[in-house]
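The values are calculated or read from the model by the stated rules, or taken from the named source; none is laboratory data. Keep in mind the model is a prediction, meaning the values are calculated, not measured. Virtual Cβ from ideal backbone geometry, glycine too; neighbours counted across all protein chains shown. Each accessible area value is taken on the protein alone, full model and side chains, heavy atoms only, with ligands, DNA and RNA left out. Shrake-Rupley method; radii C 1.70, N 1.55, O 1.52, S 1.80 Å.
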Amino acid sequence: MRFNLCLLRVTFLAAAVLYFALELGDLHQEESLYTGLKLNERESANVWRQPEKASEFFPVQIGEQDYHFNFARFSPMLARVKWGSNQLLFLDAQTKYQLERMAQALPPDLSAMERARLDFLIQKSIPGKAGMKLTQLLHAYVRYTQLLNTHFKQVQSGKGRGKEGSLAVIKQLQATVFGQETASVFFKRDNIRMGYLIQRRILTLDNSLSDADKQMSHEQLQQAYLLALAQLKES
């Protein structure tokens with residue numbers, strides 16, 4: 001009985017040693033094969049592969065890269081963005097404000113791969129159509145900001161239409177980038193304020209008016225401005 005038990009233990013031990021020897025041999029074989037690969041082939045073997053499902057929505061791969069933006073900064077902004085039960089984004093002043101903040105937080109040289117990564121993370125945070133719409137609006141807002149800065153530089157250099165025609169140019173930029181309906185929701189208050197400030201500056205620099213006339217015109221201009229804001233709030 002004891003002999004049979006010892007024989008069984010020896011057999012088991014021999015089988016275990018043989019198993020580990022074969023596994024070790026396979027590892028050495030894989031290592032030698034890997035060592036024989038060229039450098040670019042080694043790198044290709046270690047490259048993270050984007051799932052096919054993700055590629056349907058993000059054709060630019062969003063793998064493990066050294067990104068130049070910190071997505072954690074966007075989380076508080078995204079938390080303030082609202083959407084309805086139908087997963088449609090609410091287009092309101094709050095959404096516009098968060099878009100402005102996110103656009104300011106992005107690096108000016110955002111690459112195509114970083115943009116795809118950003119789109120993926122936003123749509124992961126905000127579901128369905130709302131997330132897709134927000135990514136579209138964010139990149140539109142970045143483009144609008146760039147066009148706006150170019151316009152202001154032209155005005156300052158004297159190549160633009162001047163401050164009098166500046167508001168008309170800005171409204172046209174807004175409509176072109178966002179569409180008339182969205183532009184009206186996002187920028188109507190801003191445009192009212194900008195128009196008031198431009199008119200006040202023009203009035204201040206008008207040397208043909210007396211101080212009394214300027215004072216009266218300033219008061220009328222301010223009343224019209226406050227009335228426009230009140231009507232906007234009611235609508």
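With Ala175, Ala168, Ala183 as the choices, which residue is closer than 21 Å to Gln94 by Cβ and under 31 Å from the mean Cα position of the chain (by Cα)?
It is Ala183.
Just to be sure before I move on: is Lys171 at negative phi, of a type in the set (Lys, Arg) and either open to solvent by less than 30 Å² (accessible area, probe 1.4 Å) or out of contact with any strand residue (DSSP E or B) (no Cβ under 8 Å at 6 or more places or on another chain) (or both) in the structure I sent?
Against the criterion (at negative phi, of a type in the set (Lys, Arg) and either open to solvent by less than 30 Å² (accessible area, probe 1.4 Å) or out of contact with any strand residue (DSSP E or B) (no Cβ under 8 Å at 6 or more places or on another chain) (or both)), Lys171 qualifies.
Give me a count of the residues in the stretch 79-96 that are of a type in the set (A, V, I, L, M, F, W, C) and in a loop (DSSP other than H, G, I, E, B).
Adding up the residues that qualify gives 4.
Take the residues of the stretch 90-133 that are more than 16 Å from Arg73 (Cα to Cα), of a type in the set (A, V, I, L, M) and open to solvent by less than 20 Å² (accessible area, probe 1.4 Å): which is nearest to the chain's Cα centre (by Cα)?
Per the criteria, the residue is Ala116.
Just the residues that are outside any helix (DSSP H, G or I) and under 10 Å from Leu88 (Cα atoms), please, taken from the stretch 113-136.
Passing the criteria: only Pro127.
The rows are residues; the columns are (1) assigned to a helix (DSSP H, G or I); (2) touching a helix residue (DSSP H, G or I) at 6+ places or on another chain (Cβ under 9 Å); (3) modelled with pLDDT of 95 or more.
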position: Gln146; (1), (2), (3): yes, no, no
position: Asn149; (1), (2), (3): yes, no, no
position: Val155; (1), (2), (3): yes, yes, no
position: Lys159; (1), (2), (3): no, yes, no
position: Ala168; (1), (2), (3): yes, no, no
position: Val185; (1), (2), (3): yes, yes, no
position: Met216; (1), (2), (3): yes, no, no
position: Tyr225; (1), (2), (3): yes, yes, no
position: Gln231; (1), (2), (3): yes, no, no
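It is to be established whether one or more residues within the stretch 187-204 are without any contact (Cβ under 8 Å) to a residue 12 or more places away in the chain, within 30 Å of Gly84 (Cβ to Cβ) and either open to solvent by 20 Å² or more (accessible area, probe 1.4 Å) or more than 20 Å from the chain's Cα centre (by Cα) (or both).
Scanning the stretch 187-204, I find at least one residue that is without any contact (Cβ under 8 Å) to a residue 12 or more places away in the chain, within 30 Å of Gly84 (Cβ to Cβ) and either open to solvent by 20 Å² or more (accessible area, probe 1.4 Å) or more than 20 Å from the chain's Cα centre (by Cα) (or both), so the answer is yes.
Pull up the stretch 176-186, narrow it to residues that are surrounded by 12 or more Cβ atoms within 10 Å (Cβ to Cβ) and not small (Gly, Ala, Ser), then point me to the one that is nearest to Tyr144 (Cα to Cα).
Restricting to residues being surrounded by 12 or more Cβ atoms within 10 Å (Cβ to Cβ) and not small (Gly, Ala, Ser), the top hit is Val177.
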